[in-house]
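Here is the structure we will look at.
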Amino acid sequence: MLSFYPGPSKVYPEVLGFIQEAFDEGMVSINHRSPRFEKLLKATLDSLHEQWNIPTDYTIYFISSATEAWEIVSQSLVEKKSMHLYNGAFGKKWAHYARQIHPESISHEFDLQASLHDISTGLDLSDTDTLCLVQSETSNGSGQQIKRSDYAIDPSCLIAVDATSSMGGILLPWLEADVWLASVQKCMGIPAGLGLLICSPKALARAEKLQKRAHYNDILLMEENRKLFQTHYTPNVLSIFVLHKLTQFLPNLTQIHAQTLEKAKMLEDFWISQTGFELKFLIDNPALRLPTVLALQGNPADIQRIKSKCFISQIELGNGYGTWKENTVRIANFPSHTPADLEQLFNSLSHGL
Ligand SMILES: *Cc1c(COP(=O)(O)O)cnc(C)c1O
């Protein structure tokens, strides 16, 4: 089965060998306070910094998922009030959970076809201490530019960004935000069960100021452990090992970024040129389409036909999400998806249209 589901999705075939290696080396049984683990964690953080061009003063933490990261942002960093700007299901959920922790937190839902840049003017952000944005709205395939200067915020305001279905697949403008969060089962191409939280020095300074140590995963506790190259709880060592192996094996993110855009173009060209289905991109403006998740809209019968056609060829596509369940199909374009995988998809769709 070849999965184009937008996460969990196709896992790099190399991962199987890395898992075998972890077994052979006894990595799967190591203690997370042992020198071997410390060495592994340090090497992994170093290679992520290097291969993804993450600023050296930004710190990386391993947690269990992107969802956990949403909660950490509210618990460790939000002073009183976060503001959530969203146009899809993931941003909405994040806003919902944030409000349970800080009841004063608010949100603003914007049009599916709008950009953050367009809607940022006219927002009253004067008393917002943490601005929460979604770079990759996986539910509808929209992708946003993240830029601090778009917002009339206090210089002390933090910007936290959900980049769950783009991190590892495209270059992200790290300096334009203070918190970046993601899970590994999207662009990182490994099995689910590990999340990443990346913090700027400004985010750490906020954590210091608030001194929250109430939760096992408060940033201060994670940072104390990270300094020792340890983690605050027993982590998914196997996935950290695999992620390390992969970042060593894969090229620099600059190169992956170029490949992602090339493949996104192949996918777009295919859908524009094919005539068998009446489909359009859910997101009209090409500049606002997420290169890593393509969402196509059509009548439910066509959508069903596309999915069945693929299913017969052992290819899985993503269902529509929430409001768009019946009339959209989502196709992941993650780094694990090769141009040959795309050809396989195109062939099975073109066959007998
Ligand atoms: C998948 C996804 C999440 C949730 O990831 P989990 O690993 O299930 O916590 C959050 N935000 C976005 C944008 C996603 O695509």
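Readers should treat all values here as calculations from the given coordinates under stated rules, not as data from a laboratory. No experiment lies behind these values; they were computed from the predicted model shown. When we count neighbours, we look across all protein chains shown, and the Cβ atoms used for this are built from the backbone with ideal geometry, even at glycine.
A few remarks follow.
- Given +1 at the Cβ of Lys and Arg, -1 at the Cβ of Asp and Glu and no other charges, the dipole of the chain around its Cα centre is 500 debye to the nearest 20.
- Stokes-Einstein D in µm²/s, Kirkwood radius over Cα pairs - the chain at 25 °C with 0.890 mPa s viscosity: 117 µm²/s
- Peptides 163-171, 254-262, 189-197 ranked from most to least packed by the mean count of surrounding Cβ atoms within 10 Å: 163-171, 189-197, 254-262.
- Normalised contact order of region 1-159, rounded percent, pairs of Cα under 8 Å and 6 or more residues apart: 18 percent
- Cα gyration tensor, region 58-205 - rounded (a/c under 1.5), prolate or oblate: rounded
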